[in-house]
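This report concerns only the one structure given below.
The values are calculated or read from the model by the stated rules, or taken from the named source; none is laboratory data. Quick caveat, the model's predicted, so the values are computed rather than measured. We place every Cβ from the backbone using ideal geometry, glycine too, and count neighbours over all the protein chains shown.
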Amino acid sequence: MIYLTDNSEQAEAVATRLRRSLESAPFAGRIESVRTIVDVLPSDQATKLTLLDDIHKELTPRVRAALSEAQRTLIDRFDRRVQNAPLRLEDLPPSFTLGLREANGTTGKLVVINPVLNARWWDGDQMRNYVAAMRLLGKQAVGAEARSPRFAGSVPLSSDIVEAIRHDGPIASAAALAGVVAVVMALLRWRRATVYVVGALCVGVLWLAGASRLLGIHINFANFIAFPITFGIGVDYAVNVVSRYEEQGSLDVLGAVRSTGAAVALCSVTTIIGYSSLLMAENRALYLFGFLAVLGEISCLTVALVGLPSLLIWTRRRATRAPEQRATPSPMNAHAVALQSSQQPAP
């Protein structure tokens with residue numbers, strides 16, 4: 001992960017403040033090292049070179065003769081007679097400046113943070129809190145007047161994607177659902193069949209959400225698209241069943257299911273086979289997307305061929321029983337009518 005600041009002073013201020021906060025939450029246990037260009041090149045090299053000159057002058061042949069072989073070897077390692085110029089970035093191996101040099105070659109503006117790899121980066125809430133704290137720390141380090149440092153890397157990118165899905169996912173899903181409902185209303189008009197179709201779709205999606213919750217499947221930026229797709233595909237099954245039910249004059253629910261159920265099931269099975277190919281993917285995101293899509297197909301198909309016909313049969317039986325109950329008086333009502341007639345005076 002990297003901070004991009006506007007100058008080297010801001011980079012050092014951010015690095016210093018971050019190092020002081022390494023033991024506090026949410027940074028504790030998540031950051032392995034913090035590096036700037038100062039950690040690569042020695043600071044104030046002119047003063048240090050002068051000091052080395054003084055030390056070299058004190059190491060006279062007589063002093064060297066009094067040292068042991070190991071001590072003389074150690075001193076020779078740091079003898080600057082071979083290198084008289086300050087150390088430059090070009091003199092260092094590329095691994096020393098990795099991540100500290102910009103594309104145009106400038107240095108000094110970047111702060112490189114090496115994270116601890118096993119720090120539960122998969123947890124969306126903890127990742128969001130960490131990224132928010134890092135951005136706040138950078139803003140506080142440079143001051144309110146300066147431009148905030150830009151914080152980049154795989155962790156902030158993943159956090160931003162998750163936050164975008166949390167904000168835009170419900171909006172996109174609601175827009176997809178509204179579009180599907182509008183198409184159904186344009187096809188079936190505003191009548192009871194429309195309520196049946198939309199209700200069946202909502203029940204199927206609720207079953208999908210409940211199954212994903214029960215199985216512990218977390219919604220992420222790769223698999224949430226299974227919900228809008230389920231809206232568009234799953235509504236077809238209920239539309240076909242209800243349309244065939246209304247086309248038959250006898251209003252035979254079971255006959256409608258028998259005549260169109262096989263075609264609806266075949267359509268769903270072919271779609272399930274297509275989504276099931278993703279279950280063989282080694283990529284976890286593709287696998288979960290395929291799994292949710294298959295669950296959505298099964299849910300909507302079950303509602304269309306089992307749940308919706310059951311509801312239609314129940315409402316039809318209830319509608320036919322109501323007139324019979326109104327036409328047939330109960331024994332108590334018949335007794336009350338006879339009693340009232342006996343009390344009336346004869347003409």
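Remarks
- Tabulated pairs, region 212-229, first within 23 Å of V180 (Cβ to Cβ) and touching a residue at least 60 places away in the same chain (Cβ under 8 Å), second in a helix (DSSP H, G or I) and of a type in the set (F, W, Y), C-beta under 6 angstrom, 6+ apart or interchain: A222/F289; N223/F289; A226/F289
- Tallying residues that are on the phi > 0 side of the Ramachandran plot and either modelled with pLDDT of 85 or more or in a helix (DSSP H, G or I) (or both) within region 205-261 yields 1.
- Test for T271: is it in a helix (DSSP H, G or I), touching a helix residue (DSSP H, G or I) at 6+ places or on another chain (Cβ under 7 Å) and of a type outside the set (K, R): yes
- The requirement of being over 30 Å from A186 (Cα atoms) and buried (at least 16 other Cβ atoms within 10 Å of the Cβ) is not satisfied by A285.
- Residues satisfying the criterion are present in region 157-175 (criterion: farther than 30 Å from Y245 by Cα and touching a residue at least 60 places away in the same chain (Cβ under 8 Å)).
- Residue among A178, A144, A200 that alone is out of contact with any helix residue (DSSP H, G or I) (no Cβ under 6 Å at 6 or more places or on another chain), within 30 Å of V306 (Cα to Cα) and outside any strand (DSSP E or B): A178
- The sole residue among A133, A186 that is modelled with pLDDT of 90 or more, in a helix (DSSP H, G or I) and not hydroxyl-bearing (S, T, Y) is A133.
- From the list V116, V162, the lone residue that is under 30 Å from F291 (Cα atoms) and β-branched (V, I, T) is V162.
- Scanning region 31-45 for residues that are among the small types (G, A, S) and surrounded by 14 or more Cβ atoms within 10 Å (Cβ to Cβ) returns no hits.
- Scanning region 1-27 for residues that are in a helix (DSSP H, G or I), of a type outside the set (S, T, Y) and surrounded by 14 or more Cβ atoms within 10 Å (Cβ to Cβ) turns up Q10, A11, E12, A13, V14, A15, R17, L18.
- Entry remark, region 91-123: residues being part of a loop (DSSP other than H, G, I, E, B), over 31 Å from the mean Cα position of the chain (by Cα) and among the polar types (S, T, N, Q) number 3 in total.
- Output for region 101-130, where each listed residue is closer than 21 Å to R30 by Cβ and either basic (K, R) or touching a strand residue (DSSP E or B) at 6+ places or on another chain (Cβ under 7 Å) (or both): L110, V111, V112, I113, N114, P115, V116, R120, R128
- Given (1) of a type in the set (S, T, Y); (2) in contact with a helix residue (DSSP H, G or I) (Cβ under 6 Å, 6 or more places away or on another chain); (3) over 18 Å from P149 (Cβ atoms), number of the condition S95 does not satisfy: (2)
- Positions within region 147-165 being part of a helix (DSSP H, G or I), of a type in the set (S, T, N, Q) and surrounded by 13 or more Cβ atoms within 10 Å (Cβ to Cβ), in sequence order: S158, S159
- Segments classed as helices (runs of 4 or more DSSP H), wholly inside region 274-347, with at least 1 members that are modelled with pLDDT under 85 and within 30 Å of V242 (Cβ to Cβ): 308-327
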